Amino acid sequence: MASSTQADGEGTFSAEQYFATQPPPPTLEQDIRRVREFAQQHVKEGRRVVLVTSGGTTVPLELNVVRFLDNFSAGTRGATSAEYFLNAGYAVIFMHRQFSLQPFSRHYSHSTHPFLDFLELDSAETEYSGEASSDATRISAKPSERKQLIEVLTAYKEVHKAGTLHTLTFVTVNDYLWLLRAVAQELSMLGRSSMYYLAAAVSDFFLPRQRMSEHKIQSGKGSLHIEMDQVPKILKPLVNEWTREGFVVSFKLETDASILIPKARAALARYGHQVVIGNDLHTRKYQVVFVSPISSHKRSASLAGNEEAYVESWLKIDPSTYPQKEIEEDIVEELVRLHDTWIGVE
Ligand code: PAZ
């Protein structure tokens, strides 16, 4: 396939070109109206707001999608962190891949901890006849599960009552980019009280709509060649245009640990945001590295872009304590501290 004529260089779109040529998701307007209402309510109540992105984006290969490329992410990092942000008093916009893990319900994921396995039917009738009638039968949780269930359910109900969690879904990288831009523009009214916690695994390449096959790509003609364009580097306009004062935290996932810190530094130098959290695929649940410019630790300093002025610090937990201890608890605690400094609350 030929490269798009809309592109900057060969296969490279600027953010502007991207949004001028790729269509918005059909529900964007109503999604953003709800985000606006949520943000306005929490600004009024003096709460900080964090946007947590979570899960992987897809890249469809056809307009009537049968096949797509996907990015690795179960949504554990985002869903777990969202709970700790809620606990720290933040209002959370949880923008996640449809059907990936969500705060609270993540504890009962169908694959790792299916809830049907720990429910019990309590009924004399069931015992005698082996059949359950909906009137006579009570359902209870196995004693071994009750403590955690009560904790999770209590936190879930409290958050529901306080209205501090708002969820948004994306599937494709196109949905993600449009939503991220629109949410950031809405949250810009919060100034330094907003935080962006970008844990989603976002595709670096995409197939422009103009070059997609309408129907399912047919086999029978030998191998398939697809030329993809590069997704625009969205952190640049996020930081420089859409939300100039927000506290922006991005994640960097690598499988070669030796390039994690150099890549994190390069991202900070390029985009000028506040923190990159580096993680290696295999150890991500037990250790992460925070890389940040010294300016993130001092409200008045402005040293972004200076390679020498970065600090790195590792957060680690003992793998034998997982999942009772989750590294996201420490990640969020550290970020809240850095956000305090950013706002000037020290
Ligand atoms: O969702 P998960 O817990 O399975 O994985 C989290 C993660 C590794 C996707 C996240 O921590 C991350 O690094 N996100 C950014 C990925 C990237 O470099 O695009």
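The values are calculated or read from the model by the stated rules, or taken from the named source; none is laboratory data. Small disclaimer: the values here were computed from a predicted structure and weren't measured. With ideal geometry, Cβ positions are generated from the backbone for all residues, glycine too; neighbour counts draw on all protein chains shown.
Restricting to region 82-109, give me the number of residues that are out of contact with any Pro (no Cβ under 6 Å at 6 or more places or on another chain), in contact (Cβ under 8 Å) with a residue 60 or more places away in the chain and not in a loop (DSSP other than H, G, I, E, B).
11
Inside region 316-340, can you point out the residues that are acidic (D, E), surrounded by 12 or more Cβ atoms within 10 Å (Cβ to Cβ) and either modelled with pLDDT under 95 or not in a helix (DSSP H, G or I) (or both)?
E326
Could you tell me whether K236 is surrounded by 15 or more Cβ atoms within 10 Å (Cβ to Cβ), of a type in the set (K, R), touching a residue at least 60 places away in the same chain (Cβ under 8 Å) and not in a strand (DSSP E or B)? Let's see the steps before the verdict.
Details: surrounded by 15 or more Cβ atoms within 10 Å (Cβ to Cβ): yes; of a type in the set (K, R): yes; touching a residue at least 60 places away in the same chain (Cβ under 8 Å): yes; not in a strand (DSSP E or B): yes.
Yes, satisfied.
Could you grab me the full set of residues in region 146-155 that are β-branched (V, I, T) and free of Cβ contacts under 8 Å to residues at least 12 places away in the same chain? Working first, answer last.
Filtering region 146-155 for residues β-branched (V, I, T) gives 150, 152, 154.
Result: I150, T154.
Name the one entry in V288, V311 that is at pLDDT 95 or above and either crowded, with 17+ Cβ neighbours inside 10 Å or more than 16 Å from the ligand (Cβ to nearest atom) (or both).
So the residue among V288, V311 that is at pLDDT 95 or above and either crowded, with 17+ Cβ neighbours inside 10 Å or more than 16 Å from the ligand (Cβ to nearest atom) (or both) is V288.
If I ask for residues that are surrounded by 17 or more Cβ atoms within 10 Å (Cβ to Cβ), in contact (Cβ under 8 Å) with a residue 40 or more places away in the chain and within 12 Å of the ligand (Cβ to nearest atom), which ones from region 66-81 would you list? Let's see the steps before the verdict.
In the first step, residues of region 66-81 are kept if they are surrounded by 17 or more Cβ atoms within 10 Å (Cβ to Cβ); the result is 69, 71, 73-81.
Now narrow it down to the ones that are in contact (Cβ under 8 Å) with a residue 40 or more places away in the chain: 69, 71, 73, 76-78, 80-81.
Answer for region 66-81, where residues must be surrounded by 17 or more Cβ atoms within 10 Å (Cβ to Cβ), in contact (Cβ under 8 Å) with a residue 40 or more places away in the chain and within 12 Å of the ligand (Cβ to nearest atom): N71, S73, T76, R77, G78, T80, S81.
Checking V92 against (1) modelled with pLDDT under 95; (2) touching a Leu at 6+ places or on another chain (Cβ under 8 Å), which single condition isn't satisfied?
The number of the failed condition is (1).
For region 130-186, what are the residues that are small (G, A, S) and within 21 Å of the chain's Cα centre (by Cα)?
The answer is A155, G163, A182, A184.
Only one residue in R192, R181, R209 is surrounded by 20 or more Cβ atoms within 10 Å (Cβ to Cβ) and either over 30 Å from I331 (Cα atoms) or not aliphatic (A, V, I, L, M) (or both), so which one is that?
R181
Just to be sure I understand the filter: pairs with C-beta atoms under 6 Å, separated by 6 or more residues or on different chains, first member in region 156-174 and farther than 17 Å from M95 by Cβ, second member modelled with pLDDT of 95 or more. Which pairs pass?
Within 6 Å, the pairs are Y156/F104.
Can you find even one residue in region 205-219 that is within 16 Å of the ligand (Cβ to nearest atom), part of a helix (DSSP H, G or I) and over 20 Å from D70 (Cβ atoms)? Show your work before the answer.
From region 205-219, those within 16 Å of the ligand (Cβ to nearest atom) are 205-206; that's our starting set.
Adding the requirement that they be part of a helix (DSSP H, G or I) leaves none.
The answer is no; no qualifying residue exists.
Within region 39-65, which residues are within 9 Å of the ligand (Cβ to nearest atom) and either part of a helix (DSSP H, G or I) or surrounded by fewer than 24 Cβ atoms within 10 Å (Cβ to Cβ) (or both)?
Residue satisfying the conditions is G56 alone.
Collect the residues in region 239-283 that are assigned to a loop (DSSP other than H, G, I, E, B) and within 10 Å of the ligand (Cβ to nearest atom), keeping them in residue-number order.
L281
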